[in-house]
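Worksheet: one structure, shown below.
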Amino acid sequence: MRKSIVVLIVAVLAVAAGAVVLSLSAPVLDEEVEYRLTSLYYRGQEISSQVDGDEVLDLLEGASRGLISRGGLPHSFRDMVEVNVIGGEEALHVVLSMEDGLFAVYQDPDWSYAIREGEALAAAVEALLPA
């Protein structure tokens, strides 16, 4: 009986620790790095010349992501905005797809991070896109 109580307590603590880690977040863009927009795609077309890159970067600077990798990205999207930035030696890719419910940031497509409040970020970025 005593052993089962210890096992139960350890299990509860492990679940609680997991919940804490999942609730933690990090900024999408590192606050110590100066980034520049390299390209922005909407529905497969490059449109960065039609969008204010500084406004897009401001939105990304205010966004946060989870600390735990969500694994790889699916290979097809129906309706997507992809923002590519470089900061220092780091290239980041942000994928926002309202229709697919995918809001992620990654360096390597096999290891992406979910963006918190991704729908709000996607809506704000889409508001900057040409009509």
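The values are calculated or read from the model by the stated rules, or taken from the named source; none is laboratory data. Keep in mind it's a predicted model, so treat the numbers as computed, not measured. With ideal geometry, Cβ positions are generated from the backbone for all residues, glycine too; neighbour counts draw on all protein chains shown. To get the accessible areas, we keep the full protein, side chains included, count just its heavy atoms, and leave off ligands, DNA and RNA. Shrake-Rupley method; radii C 1.70, N 1.55, O 1.52, S 1.80 Å.
Filtering segment 50-67 down to residues that are part of a strand (DSSP E or B) and surrounded by 15 or more Cβ atoms within 10 Å (Cβ to Cβ), which residue is modelled with the lowest pLDDT?
For segment 50-67, the residue satisfying everything is G66.
Looking only at segment 68-119, count how many residues are of a type in the set (D, E, K, R), at pLDDT 80 or above and part of a strand (DSSP E or B).
The number of residues fulfilling the criteria is 3.
Would you mind telling me which numbered condition in (1) farther than 23 Å from R116 by Cβ; (2) open to solvent by 90 Å² or more (accessible area, probe 1.4 Å); (3) modelled with pLDDT of 90 or more; (4) not hydroxyl-bearing (S, T, Y) L13 fails?
(3)
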